[in-house]
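Below is one structure, written out as structure tokens; comments come after it.
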Amino acid sequence: MSRFFSNKYQNLTPYTPGEQPKDMQYIKLNTNESPFPPAPRAVELAAEAAQKLQLYSDPECRDLHKIFEDVFGFSKDEVLFTNGSDEILNFAFMAFCDKEHPVVFPNITYGFYPVFAELNGIPYEEIPLCEDFTINVENYIGIGKNIFIANPNAPTGIALPLSDIERIVASNPDNIVVIDEAYVDFGGESAAPLTRKYNNLIVTQTFSKSRSMAGARLGFGIASPDLIRDMNTVKYSTNPYNVNSMTMAAGIGALSCEDYTRKNCQTVVENRTFCMDAMQKMGFEMTDSKTNFIFAKHPKIDGDVLYTKLRERGILVRHFTNPLIAQYNRITVGTRDEMQALLCAIADILEENNR
Ligand code: PMP
């Protein structure tokens, strides 16, 4: 830390992204990326947009809004596009949370929430999950604080039903509830329609997972026009061109190929079932994942040991050091071939472990 670094960031521990090693070719199952390429139309339109990089991107994202409304049914005043969904989450922290409006979220959830809270000097409380990693909805009923919930949750993969989300939102009318639906396309139920009923609800989603665009950085929030206006104030006060023109074009291309997205999600769900069935036979305990990852532990091998042994065999998964989940690994669902390679490696490791 230099002597110039602001005091306000002295205690900031930044988010640690999943590793991206380049020393060899890995099967990457550690950052919940899609194993499939982006829709061909997304690539085509991004390449076309690259021809005009001398121009600023459209800060209003008008063409993207047009096709988004056709596909999702939400109009421009109900939607804000951002640089990945990380950015809309940060905008929500910046716009609606402060010392008088503190935040709560589960103690096991997306690791960026405490970082955003720290970054913006916002007091936060982490509410423990139940022992089976489910969220106890009663803990959030009428809590009177702003709430961030990933649904499905990460890295547990478990989803809350929409009726529970609605109870939380309805019981906290004077607070913001942010439902982070980064993984909703793999089996969750979106709360987006509820944004028309509750003006304290923000639903965030991303093109990173189901639409194979993690590298393009495109996310969005859906909320009542008042909330969108407030977050636009934050956007125009930080980076009006937060969505670059190639990404915007790729997003338009992706939304013109929703069949492709649906088919890929379906394949991921099938591969998840295939892999979980095989892992269960090998003795793994897993949560009921509604996402593109599997959260698994084995009674005979420590989480960090399995992580390291898989890494030695060229397979990257995500291990977290938090003691509550240190026995687990989060494994992204890839292609059938990748899952087969994973299963072979695991079988090999377990056998070695038994010797
Ligand atoms: N929410 C959750 C729960 C996530 O796991 C991620 C991915 N790391 C994000 C949001 C952010 O994804 P992105 O910025 O790529 O949209």
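Checking the stated criteria, Lys52 turns out to be open to solvent by 90 Å² or more (accessible area, probe 1.4 Å), assigned by TED's automatic domain parsing to the domain that holds Tyr110 and out of contact with any Ser or Thr (no Cβ under 6 Å at 6 or more places or on another chain). When the residues of region 88-132 are filtered to those that are closer than 20 Å to Asp226 by Cβ and of a type outside the set (A, V, I, L, M), which remaining residue is nearest to the ligand (Cβ to nearest atom)? My answer is Asn90. Suppose we filter region 182-218 for residues that are surrounded by 24 or more Cβ atoms within 10 Å (Cβ to Cβ), under 11 Å from the mean Cα position of the chain (by Cα) and not aliphatic (A, V, I, L, M); how many remain? Within region 182-218, residues that are surrounded by 24 or more Cβ atoms within 10 Å (Cβ to Cβ), under 11 Å from the mean Cα position of the chain (by Cα) and not aliphatic (A, V, I, L, M) number 6. For region 285-308, the set of residues classified as without any contact (Cβ under 8 Å) to a residue 24 or more places away in the chain and in a loop (DSSP other than H, G, I, E, B) consists of Pro299 only. Scanning region 170-209 for residues that are touching a strand residue (DSSP E or B) at 6+ places or on another chain (Cβ under 9 Å), more than 13 Å from Gly221 (Cβ to Cβ) and among the small types (Gly, Ala, Ser) yields a count of 1. For the residues Glu258, Glu312, Glu285, the requirement of being at pLDDT 95 or above and within 30 Å of Ala46 (Cβ to Cβ) singles out Glu258. Counting only residues that are assigned to a loop (DSSP other than H, G, I, E, B) and among the hydrophobic types (A, V, I, L, M, F, W, C), which one in region 117-153 is surrounded by the most Cβ atoms within 10 Å (Cβ to Cβ)? If we take residues in region 117-153 being assigned to a loop (DSSP other than H, G, I, E, B) and among the hydrophobic types (A, V, I, L, M, F, W, C), then Ile135 is surrounded by the most Cβ atoms within 10 Å (Cβ to Cβ). Take the conditions (1) at pLDDT 95 or above; (2) assigned to a loop (DSSP other than H, G, I, E, B); (3) closer than 27 Å to Glu181 by Cα; Val317 misses just one of them, which is (2).
The values are calculated or read from the model by the stated rules, or taken from the named source; none is laboratory data. This is a predicted model, so every value here is computed, not measured. Here Cβ is always computed from backbone atoms with ideal geometry, including for glycine, and neighbour counts include all displayed protein chains. The accessibility values were calculated without ligands, DNA or RNA, using every heavy atom of the protein model including side chains. Shrake-Rupley method; radii C 1.70, N 1.55, O 1.52, S 1.80 Å.
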